[in-house]
Amino acid sequence: MNRLTDQGIWIESDVPLADTPQWSIPLRLVKAVADGEAANLGSVSPLLASNLETIRDIYAAWIDGSHQIPLAFELSPDVSAPSNGVSLFFSGGADSFYSLIKHRNEVKNLVLVHGFDVPLADTKTFELTETQARNAARLFGKRLIVVRTNLHWEQPSVPGGWGMYHGAALAAVAHALAPNHGKMYIASSYSYAELHSWGSHPLLDPLWSTEAVQIVHDGGETRMDKLRVLVQYPEVLARLRVCWENPDNYNCGLCEKCVRTMLGLRALGVDRCAAFPDTLTPELVRQQKLNHDSVLFWRELLCSSLPPALHAGVQSAIHSYDAGLPPRSGKLKREINRWRFALLHAMSALISPIDRF
């Protein structure tokens, strides 16, 4: 097992890893911006160095309370040539499967990371995830590279959380794996119409590139556009993994990500997908708690061909989010408490401006 470490951060894998400290620059830079401290980044490749101020300014604009900190670094005298090979970060989700199909003739390696969405301590879930990823790699004739890292769960939080700095973590892994590729694809999370401050972004991801590794943010298609491609591959649907909850199943069928994916598939005529339990009901849809990031995908579902009851459930979940209400439960006592919460929230909003005077 090969391992890289830097200031408590570590990455390990069975494949060769880069022998330079540049792999940790993305994380050190984001943390410095979040902490408002000057960043001494050491030796930096000329290409990455030319983009550091832009990266800093983007994060300073996105992270509340951050500043345009001074940057200290020196240009690396050793510029590595890119290795042969193209890789794709692969989680088994809709985005990464779509990018795999799109670039199936170019991509040679699928990179699965233990320690990002699956905690390092959860070996049971990751074993199942790795098994399915190996099956997908064999299906498409690719090599699977498995990486373990503490970049997510054991690092100090950045304002905005994992959603704000996961792009830097992906870039760090891409550079750590530099001996295995010259290009790394990161599948897009959002379409061009839905772009907002987010750690993996078409404006930001390419800026992490060096002379040795080109980082590509792949695709601006909508989630429904991606699912329209995936439904043409039943063998892909059977291996689809979108769940963050993972209580006992590959996909729990109850969390917001599972529900919205099942809704998208149902809208495209897939009534039953082997990767998900048979849990989709209008009641379950109404009960989903949405946030600023997830509601964008749900609004897209309003334009789809869902059965009327499920469509109404989507409308209800979006309305609860827009109105600042807890999700509907369908039970009288909880509905009364739901509207009581809304009234208290509205009164608080009215009183707060008065309190400032």
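Using only Cα atoms, tell me the angle between helix 25-35 and the longest principal axis of the chain; keep it within 0 to 90° and round to the nearest 10. Compared with the principal axis, the helix lies near 60 degrees. Summarised in one figure, the compactness ratio Rg/Rh of the chain, Cα atoms and Kirkwood Rh, is 1.00.
Using only side-chain charges placed at the Cβ, +1 for Lys and Arg and -1 for Asp and Glu, the dipole size of the stretch 117-217 relative to its Cα centre rounds to 400 debye.
I'd like the orientation of helix 256-267 relative to the chain: the angle between its Cα long axis and the longest Cα principal axis, in ° from 0 to 90, rounded to 10. In the chain, helix 256-267 runs at an angle near 70 degrees to the longest axis.
Only one residue of Leu52, Trp10, Ala212 has its Cα farthest out toward the positive end of the dipole of the chain, where Lys and Arg carry +1 and Asp and Glu -1 on Cβ, and that residue is Trp10. Across Val33, Val236, Val270, mean-square fluctuation computed from a Gaussian network of the chain (C-alpha pairs under 10 Å connected) peaks at Val270.
Taking the Cα centre of the chain as reference, the dipole from Cβ charges on Lys and Arg (+1) and Asp and Glu (-1) amounts to some 1300 debye. Each stretch of four or more DSSP H residues adds -39500 (n - 2.57); spread over every residue of the chain, this sum gives -12000 deg cm²/dmol at 222 nm. Over the stretch 9-148, the pair-distance histogram of Cα-Cα distances with 10 Å bins from zero comes to 10, 30, 31, 25, 4 percent, rounded to whole numbers.
Relative to the longest principal axis of the Cα atoms of the chain, the long axis of helix 308-323 makes an angle of roughly 70 degrees. For the chain, the longest piece that avoids every one of the GluC sites (Glu not before Pro) found in DSSP loops with at most 13 other C-beta atoms within 10 Å covers 155-357.
Across all Cα atoms of the stretch 210-324, the radius of gyration (one decimal) and Dmax (whole number) stand at 15.2, 53 Å. Using 0.36 nm per residue and subtracting the Cα-Cα separation, the extra length available between Phe140 and Gln68 on full extension is 21.5 nm. Classification of the stretch 150-229 by its C-alpha gyration tensor yields an oblate form. The axis ratio a/c (a ≥ b ≥ c) is 1.5 or more, and b/c is at least a/b. Within the chain, DSSP assigns beta bridges of which about 25% are antiparallel (rounded to the nearest 5).
The trypsin sites (Lys or Arg not before Pro) of the stretch 88-134 that meet both conditions, a loop assignment by DSSP and at most 14 other Cβ atoms within 10 Å of the site Cβ, are Arg104.
Paramagnetic label reach from Ala309 (point 7 Å along Cα→Cβ; backbone nitrogen cut-off under 19 Å): within the stretch 264-287, residues 264-273, 277-287.
Values quoted throughout were computed directly from the atomic coordinates according to the rules given, and no laboratory measurement underlies them. Keep in mind that what you see is a predicted model, and the values were worked out from it rather than measured. All Cβ positions, even for glycine, are placed from backbone atoms using ideal geometry, and neighbour counts span all protein chains on display.
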